[in-house]
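The values are calculated or read from the model by the stated rules, or taken from the named source; none is laboratory data. Fair warning: this is a prediction, and the values are worked out from it, not measured in the lab. Cβ coordinates were reconstructed from backbone atoms using ideal geometry, including for glycine residues, and neighbour counts include every protein chain displayed. Ligands, DNA and RNA are stripped out before the accessible areas are found, and what is left, the full protein with its side chains, is counted by its heavy atoms. Shrake-Rupley method; radii C 1.70, N 1.55, O 1.52, S 1.80 Å.
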Amino acid sequence: MYRRERSILLRGSAAALSNNLSVLQLPDRDLRHFGVVHGPSAQILSSAPEGVPLAQRQLQVKVGVGVSPPLITQVHWCVFPFRVLLVLTSHQRIQMYESDGSLMVYWHALDSGDSSSAQAMFARGIAASVHFICVGTWSGRILVFDIPAKGPNIVLSEELAGHQTPITDIATERAQGQDGVADMVTADDSGVLCVWRSGTTFTLLTRIPGFGVPCPSVQLWQGIVAAGYGNGQVRLYDATTGTLHVQISAHARTICALDLAPEVGKLLSAAEDTFVHIWKLNRNPESGSIEVEHYHGECISDTQLCGARFCDPSGSSFAVTGYDLAEILRFSSV
Amino acid sequence: MSVRTLPLLFLNLGGEMLYVLDQRLRAQNIPGDKARKDEWTEVDRKRVLNDIISTMFNRKFMEELFKPQDLYSKKALRTVYDRLAHASIMRLNQASMDKLYDLMTMAFKYQVLLCPRPKDVLLVTFNHLDSIKGFIQDSPTILHQVDETSRQLTEIYGNLSAGEFQMIRQTLLTFFQDLHIRVSTFLKDKVQNSNGRFVLPVSGPVPWGTEVPGVIRLFNDKGEEVKKTEFKHGGNYVAAQKEGSFELYGDRVLKLGTNMYSVNRPVETHMSTTSKNLASRTQENIAPNPLAKEELNFLARLMGGMEIKKMSGPEPGFRLNLFTTDEEEEHAALSRPEELSYEVINIQATQDQQRNEELARIMGEFEITEQPEITEQSTSKGDDLLAMMDRL
């Protein structure tokens, strides 16, 4: 159902991090932007549909002369109706760039506060909601930045507490005019999920308990929370009530990335077991219950996957990255 | 980047180093009564292992190692092992040491990559420590040192969460990223591909706590399972039988980190046809790695190039060549690519105030009386450890 397309070569191999691939789909142009973390640097590049890289850029966090740059934890494009920003998280700073990575518009230094030296400080988990960018941290707090329509006047507007362990991932969904609807979900290292309603102040709606296994990746679609866990499970919860509806023994190793194709409700799961699976989600119109079916499976031999994303909103193409692999592998439906 | 990574990295690489040295020393063993003065005997082998292990597990050194800290640079860590390998009467030159370090790093990279759960890297470490205890079972003092380290590991790592272990594993994998040296043992076992990447199996037991993939369960609002369907995952997994023991002594279940060079794996001394083919294939690679051309086993006949080397000290040092002949060793040294060069850090006198304080502190811990005007340089983070090892 999906066929392997030409790979996009990278300058450096992908680091062993969860969610280590970001894809920016620009609807007006037939161009894709990809972002991959190598280690102390991240590479962003744009590519035509046939996989030919057009422009590329290396990003680093420069903290001082003679000091080696800190490791980057994630790069992610935050898409607003009015603006697109590229956000980079690392072990020292959060940096925000114009969408092509050419200009850094804002940075925020992480503050170790009173935490002990036994814990490394870092930011991880990035998502856009309304006019906010939310970024997770090692302490479990979520930083909310207020993003103006243009310019560098970005302000840290709120800090959300709800997690006790490092944040792993954040997912958001644009609420369709409904008030009080859950539009953000955050996940952490202990597998706890928090469901939020964004706004001038963010409200914690539900807290879904963990079970001692990290939740490296999370997605939100039509009030369904999809969570991928360290034991290879994918779980689907009702975002409003936090009720578990579906549990899939999906992979034999930790899941590294989930993604959703919002137009069709396809869920992509990628894991360190070298497999990628695509699931079709559905909400039964009569009972309201959540249903799922296995749609496609793919083995990427000898590749410990670290990132996976759909490349279009209908889920007809996707791309994956693997640890130690200096290319982005692409697949599209036939 | 986890600040809890260094002890695991150091102990596992050290364990791999001891495996290689032990096997090469055994292979070259001459019965004590027949050996000339310049030949290795069983007594010498034990002495080398004893000396290295007691250096490695020195209490103060371990204390320093277990403090939360970033990873040392590759170069610094390489230097640590250089020092460690020379803690006894054995001498390795640069090319043989490089070869040894390549073997150690690729072996541990393989183990980290294949670890079923991130937490299992601790079982890999226990496997190494268990074997090390076997090497020194006749020396109760050293055995006690190693047991002490096992206890420390349990104390510090026993309660870490799965998330923290995941970060430790990611830090280790970052350390080993882009390292694709081909090892003949791995190539022969078909666990490494000719491009230097490891084979990731899609069969066998799933990690402890993971279900065999292939099942979808649906629940109603009351949390009751209402439907169970199956899908084809594509792998061929079976359930895990039991969890390995994280106790001081116990069945680790996991085999990663045990001695892969043991009895039933004889030392290879001849270059096989396959290895020739592999060598020629390497040259076709886009980024050739000249070192990979030298097949591990035919190059690494530990005792092959042994010769007496008069040391300046009161005792002669035994030179150990990891290559078949001196010529090969020399060639390897010359043909090693720049990017793989470790260039051992030299520790010399310097006047770095900040570092002096730090070193003075560490030296104090070692309770070594030092002439006050002699100080040591720290060109990078690793030197603190190196300085200590100098004094062991």
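Spacing of the modelled spin labels on A:Phe211 and B:Ser335, each 7 Å from Cα toward Cβ, amounts to 5.5 nm.
Rounded, prolate or oblate, given the Cα gyration tensor of the stretch B:43-140, with a/c below 1.5 counting as rounded? Write out the running numbers ahead of the final one.
On the way: a/c = 1.44, a/b = 1.21, b/c = 1.19.
Rounded is the answer for the stretch B:43-140, as its axis ratio a/c remains below 1.5.
Is the shape of the stretch B:94-178 rounded, prolate or oblate, going by the alpha carbon gyration tensor and its root eigenvalues a ≥ b ≥ c, with a/c under 1.5 for rounded and a/b larger than b/c for prolate? Display every interim value, and only then the final one.
Values: a/c = 2.48, a/b = 1.10, b/c = 2.26.
In terms of gyration-tensor shape, oblate.
In whole percent, and with a 1.4 Å probe on the protein chains, what portion of the accessible area of the stretch B:89-147 is carbon and sulfur? Percent of accessible area from carbon and sulfur atoms in the stretch B:89-147: 54.
The residues packed around A:Leu160, meaning those with a beta-carbon under 13 Å from its beta-carbon, carry a net charge of 0 if Lys and Arg are +1 and Asp and Glu are -1. If you take all other residues with their beta carbon under 9 Å from the beta carbon of A:Asp183, and give Lys and Arg +1 and Asp and Glu -1, the sum is +1. Taking every alpha-carbon pair under 8 Å whose residues sit at least 6 apart, the stretch A:164-216 reaches a relative contact order of 32 percent.
Listed peptides A:315-325, A:43-53 appear in the order A:315-325, A:43-53 once ranked by packing, highest mean of other Cβ atoms within 10 Å at the front.
Taking every Cα-Cα distance in the stretch A:130-178 and sorting them into 5 Å bins starting at zero, the pair-distance distribution P(r) comes out as 5, 20, 24, 20, 19, 10, 3 percent.
Too long at a 24 Å Cα-Cα cut-off: which of B:Lys74/B:Lys242; B:Lys46/B:Lys99; B:Lys188/B:Lys255; B:Lys46/B:Lys190; B:Lys119/B:Lys232; B:Lys60/B:Lys255? All intermediate terms of the calculation are to be shown ahead of the outcome.
Numbers: B:Lys74/B:Lys242 36 Å; B:Lys46/B:Lys99 22 Å; B:Lys188/B:Lys255 18 Å; B:Lys46/B:Lys190 33 Å; B:Lys119/B:Lys232 28 Å; B:Lys60/B:Lys255 30 Å.
In this structure, B:Lys74/B:Lys242; B:Lys46/B:Lys190; B:Lys119/B:Lys232; B:Lys60/B:Lys255 exceed 24 Å between Cα atoms.
Positive-end ranking of B:Gly204, B:Thr174, B:Ala240 along the dipole of the stretch B:146-249, with charges on Cβ about the Cα centre, is headed by B:Gly204. Here the Karplus curve 6.51 cos²θ - 1.76 cosθ + 1.60, taken at θ = phi - 60°, turns the phi angles of the stretch B:122-129 into couplings of 6, 5, 4, 5, 5, 4, 5, 5 Hz, with x standing for Gly and Pro.
State the answer as a single residue: which of B:Thr105, B:Leu153, B:Thr185 lies farthest towards the positive end of the charge dipole of the stretch B:90-232, with beta carbon charges of +1 for Lys and Arg and -1 for Asp and Glu, about the Cα centre. Going by the charge dipole, the pick is B:Thr185. Under the convention that each Lys and Arg Cβ holds +1 and each Asp and Glu Cβ holds -1, the size of the dipole of the stretch A:1-82 around its Cα centre is about 160 debye. If you plug the beta carbon distance of A:Glu159 and A:Leu26 into 1/(1 + (r/R0)^6) with R0 = 35 Å, you get a FRET efficiency near 0.65.
Quote the total accessible area buried by chains B and A together, excluding ligands, DNA and RNA, probe 1.4 Å, nearest 100 Å². Don't skip to the end; give the middle numbers.
Working: alone 19580 and 13960 Å², together 29780 Å².
By this definition, chains B and A bury close to 3800 Å².
For A:Lys150, what charge total do you get from the other residues with a beta carbon under 14 Å from its beta carbon, if Lys and Arg give +1 and Asp and Glu give -1? Value of the local net charge: -1.
For the pair B:Val191 and A:Glu286, label points projected 7 Å from Cα toward Cβ lie 5.4 nm apart. Relative protection proxy for B:245-252, A:20-27, from highest mean packing down: A:20-27, B:245-252 (other beta-carbon atoms within 10 angstrom). Take every Cα pair under 8 Å whose residues are at least 6 apart in sequence, average their separation, divide by the length of chain A, and the relative contact order is 15 percent. Between B:Glu42 and B:Gln94, the C-beta separation translates, for a Förster distance of 35 Å, into a calculated FRET efficiency of about 0.80. Peptides A:79-90, A:240-251, ordered by how many other C-beta atoms sit within 10 Å of their residues on average, highest first, read A:240-251, A:79-90. Using only side-chain charges placed at the Cβ, +1 for Lys and Arg and -1 for Asp and Glu, the dipole size of the stretch A:282-325 relative to its Cα centre rounds to 140 debye.
Taking all protein chains into account, the per residue accessible area for the stretch A:192-286 stands at 28 Å² (1.4 Å probe). Burial of accessible area (probe 1.4 Å, heavy atoms of protein chains only) in the stretch A:213-253, relative to its chain alone, reaches at least 40 Å² for A:Asn231, A:His245, A:Gln247, A:Ser249, A:Ala252, A:Arg253. Considering only A:Gly151, A:Gly232, A:Gly297, the Gaussian network model of chain A with Cα springs below 10 Å gives its largest mean-square fluctuation to A:Gly151. How would chain A be classified by its alpha-carbon gyration tensor: rounded, prolate or oblate, with rounded meaning a/c under 1.5 and the a/b versus b/c comparison settling the rest? Taking the square roots of the gyration eigenvalues as a ≥ b ≥ c, chain A is rounded. Taking 15 Å as the cut-off, the amide N atoms of the stretch B:46-74 that come nearer than this to a point 7 Å along the Cα-to-beta-carbon line of B:Glu148 belong to B:53-67.
Restricting to Cα pairs below 8 Å that are 6+ residues apart, what does the relative contact order work out to for the stretch B:1-130? Please round to a whole percent. Can you show the working numbers first?
Numbers: 98 pairs, mean separation 52.1, N = 130.
That works out to 40 percent.
Under a point spin-label approximation (7 Å from Cα along Cα-to-Cβ), what is the A:Leu54-B:Asp221 distance to one decimal in nm? Modelled inter-label distance: 5.0 nm.
Could you check how much of the accessible area of the stretch A:177-229 is carbon and sulfur, as a whole percent, using a 1.4 Å probe? Working shown, then result.
Numbers: 830 of 1700 Å².
On the stretch A:177-229, the fraction of accessible area on carbon and sulfur atoms equals 49 percent.
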